[in-house]
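Participant: Before I ask anything, here is the structure I am working with.
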Amino acid sequence: MVWLWQNLELVLGLALDHARLSVAPVLVSFIASIPLGWLANQSRVLRTILLTLGGVLFTIPSIALFVTLPVILGTRILDEINVVVALSIYAVAVMVRGSADAFASVSKDVIGSSTAVGYSRWGRFWGVELPLAGPVLLASLRVVSVTTVSLLSVGSLIGVTTLGYLFLDGYQRSFPTEVVIGIAFTVIIALIFDAVLVTIGRILMPYTRALPTSSRASVTRVAAEVTS
Amino acid sequence: MSIEFRSVTKRFADETVAVDDFSLLIPSRKTTVLVGSSGCGKTTLLRMINRMVDPSSGVITIDDEDIATVEPVALRRRIGYVMQNSGLLPHRKVVDNVATVPLLNGVPKAEARERALELLDTVGLDRALADRYPSQLSGGQQQRVGVARGLAADPNILLMDEPFGAVDPIVRSELQHELIRLQRELGKTVVFVTHDIDEAFLLGDQVVILEKGAKIAQQGHPREILANPATEFVASFIGADRGKRRLAPVAAAATGDDVLLVDGTGYAAGVISAPGGKLAYSISDKTDQAGDA
Ligand SMILES: Nc1ncnc2c1ncn2[C@@H]1O[C@H](COP(=O)(O)OP(=O)(O)OP(=O)(O)O)[C@@H](O)[C@H]1O
Ligand SMILES: [Mg+2]
């Protein structure tokens, strides 16, 4: 605790950087996954391709990504962009699956009846499919947000300032307090992100509790799937 | 707003011929009921009217306009559609569900809401239900909301696909009589699909009995069909549920072939031909049932 007070400025600075760098991958994955997840439900072939691609991307070792991205992106090896892009790739890989499941959870009857009363394809997507896929999308996004916040620590290995610095430094100096504080702040950031997502979900989707149980059940199922 | 099918055939991608050379005139401002057993093509016929399904061949017209030339989304917005299990949007409150089509048509929100509340009155729903979600209503209430939504854009045509199929018999009978009352007030061109012959005779000004492939076994006013079933198939179809109707043959004509039927209260229910003394029971049409009640 004494150490924390003495180094509060350093820790808070790292925490802010950590939080700042986590936002982009979560946002990017959310936005990218919506068209991809919708596409995955348009044909079986597309679904297989997209989900396989997601699976493959997720298995690329992070260090390999960190080294190759500068070459591909033309960035400096220590640029924080590399970490953000790498984590965005993982986040998208996970979200594609979640989003495909989210759109699959929308009842075909409801889609059919909304078409029958005169929704255009575009109007139906925004007015029916997206709002109904929303709760399952949110469940996946919460998993992705926690994962991103915790994975970001790895960035310290290539010199990007994140809370991971506290793990490395504490480890090198055999100073467990620093490691524990690093972990604690990572968890706090993850919890704050989660709370923000849940709150946004409540505001945008007040109907969640009124949805049929089947789609609520798939929320828990998806959460279990993407984490396993 | 009369609807006409001219030699319409629908062959699905898997070669199933759901509708085979079907022709029918559906008169304006009357209720036409398509009735037949499961898989005979009723839903396919209905969905061809609002272009959810397009015919493989043949022409469908509404007031002599070929609907193949009408943009489907625009067409659907001027045709009411009510289906089994209501088909309501689970994430929209009751009032917003009812207002769906007017909102799609660009009616201002406040106006659409006000009209939706009036429609709740029309279909006999308490306005207090307006802010509930569909899952918070009973099946019967959901169907009423479905009907209100179907009426919201004040369409001339109302398509109903087994709208009362999933509710219990008492609520079903309530909804049926509500529809008869509504239809008396509104005079829409209603096309109603059911596999329940009682429902067909109760609601229909014109009843069309279908066999597989949407082949018309017989069409006409319930009284004509009751008095004169065209085929064995029709006779057995309209006589399928004899117990419930408590009908009894009371008199045989001189030829021994015609039998007069009365229902439990003594009203004449219909006349059937029963060659060789083989009886197929018939049922009362709506006037008789009204007398029954
Ligand atoms: N999209 C489709 N693709 C292939 N076959 C179809 C399709 N829709 C319906 N059919 C077939 O067409 C036939 C008629 O179906 P339809 O849904 O019109 O019957 P229905 O009279 O409404 O039956 P039910 O009373 O069970 O609702 C059935 O054999 C059905 O399997
Ligand atoms: Mg059907």
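The values are calculated or read from the model by the stated rules, or taken from the named source; none is laboratory data. Note that the structure is a prediction, hence the values are computed from the model and not measured. Counting neighbours? That spans all protein chains shown, and the Cβs are built from the backbone with ideal geometry, glycine included. Heads up: the accessible areas ignore ligands, DNA and RNA and are worked out on the full protein's heavy atoms, side chains in. Shrake-Rupley method; radii C 1.70, N 1.55, O 1.52, S 1.80 Å.
Participant: Can you name every one of the helices (runs of 4 or more DSSP H) wholly within segment B:195-263 that holds 2 or more residues which are away from chain A (no Cβ under 14 Å), within 16 Å of ligand 2 (Cβ to nearest atom) and at pLDDT 60 or above?
Facilitator: In segment B:195-263, B:197-203 are the helices (runs of 4 or more DSSP H) which contain 2 or more residues that are away from chain A (no Cβ under 14 Å), within 16 Å of ligand 2 (Cβ to nearest atom) and at pLDDT 60 or above.
Participant: Quick check on this structure: which one of B:Glu224, B:Glu199 is out of contact with any Asp or Glu (no Cβ under 6 Å at 6 or more places or on another chain) and open to solvent by 50 Å² or more (accessible area, probe 1.4 Å)?
Facilitator: B:Glu224
Participant: Consider B:Asn97 carefully, then state whether it is within 11 Å of chain A (Cβ to nearest Cβ), within 16 Å of ligand 2 (Cβ to nearest atom) and either closer than 20 Å to A:Met205 by Cα or open to solvent by 10 Å² or more (accessible area, probe 1.4 Å) (or both).
Facilitator: No.
Participant: Follow-up. Return yes when B:Ser37 is modelled with pLDDT under 95 and surrounded by 15 or more Cβ atoms within 10 Å (Cβ to Cβ) and no when it is not.
Facilitator: no
Participant: While we're looking at this one, here's another question. Kindly indicate which of A:Gly98, A:Gly127, A:Gly134 is in contact (Cβ under 8 Å) with a residue 24 or more places away in the chain, closer than 27 Å to B:Leu104 by Cα and in contact with a Ser or Thr (Cβ under 8 Å, 6 or more places away or on another chain).
Facilitator: After ruling out the rest, the residue left standing is A:Gly134.
Participant: Let me ask something else. Is there a residue in segment B:110-122 that is facing chain A (nearest Cβ under 9 Å), over 23 Å from the mean Cα position of the chain (by Cα) and closer than 17 Å to B:Gly150 by Cβ?
Facilitator: No; the residues of segment B:110-122 include none that is facing chain A (nearest Cβ under 9 Å), over 23 Å from the mean Cα position of the chain (by Cα) and closer than 17 Å to B:Gly150 by Cβ.
Participant: OK, next. List the helices (runs of 4 or more DSSP H) inside segment A:97-159, counting only whole elements, that have at least 1 residues being away from every other protein chain (no Cβ under 14 Å) and not aromatic (Phe, Trp, Tyr).
Facilitator: A:130-151
Participant: B:Gly106 versus (1) open to solvent by 10 Å² or more (accessible area, probe 1.4 Å); (2) within 11 Å of chain A (Cβ to nearest Cβ); (3) away from ligand 1 (no atom under 12 Å from the Cβ): which is the lone unmet condition?
Facilitator: Going through (1) open to solvent by 10 Å² or more (accessible area, probe 1.4 Å); (2) within 11 Å of chain A (Cβ to nearest Cβ); (3) away from ligand 1 (no atom under 12 Å from the Cβ) one by one, B:Gly106 breaks only (2).
Participant: Any residue at all in segment B:156-176 that's within 23 Å of A:Gly123 (Cβ to Cβ), within 16 Å of ligand 2 (Cβ to nearest atom) and in contact with a Phe, Trp or Tyr (Cβ under 9 Å, 6 or more places away or on another chain)?
Facilitator: Yes.
Participant: With (1) in contact (Cβ under 8 Å) with a residue 40 or more places away in the chain; (2) open to solvent by less than 70 Å² (accessible area, probe 1.4 Å); (3) out of contact with any Ser or Thr (no Cβ under 8 Å at 6 or more places or on another chain); (4) more than 14 Å from every other protein chain (Cβ to nearest Cβ) as the list, and A:Thr208 as the residue in question, which single condition is left unmet?
Facilitator: Against the list (1) in contact (Cβ under 8 Å) with a residue 40 or more places away in the chain; (2) open to solvent by less than 70 Å² (accessible area, probe 1.4 Å); (3) out of contact with any Ser or Thr (no Cβ under 8 Å at 6 or more places or on another chain); (4) more than 14 Å from every other protein chain (Cβ to nearest Cβ), A:Thr208 comes up short only on (4).
Conditions tested, residue by residue: (1) closer than 13 Å to B:Val123 by Cα; (2) of a type outside the set (Ser, Thr, Tyr); (3) over 14 Å from the mean Cα position of the chain (by Cα).
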| residue | (1), (2), (3) |
| --- | --- |
| B:Val145 | yes, yes, yes |
| B:Ala152 | yes, yes, yes |
| B:Ile157 | no, yes, no |
| B:Gly165 | no, yes, no |
| B:Glu178 | yes, yes, no |
| B:Arg181 | yes, yes, yes |
| B:His195 | no, yes, no |
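Participant: Now for a different question. So if I check each of B:Thr9, B:Thr69, B:Thr44, which one is away from ligand 2 (no atom under 16 Å from the Cβ), in the same structural domain as B:Val191 (by TED's automatic domain parsing) and buried (at least 16 other Cβ atoms within 10 Å of the Cβ)? Give the derivation first.
Facilitator: On the way: B:Thr69 fails: buried (at least 16 other Cβ atoms within 10 Å of the Cβ); B:Thr44 fails: away from ligand 2 (no atom under 16 Å from the Cβ).
Just one listed residue meets the conditions, B:Thr9.
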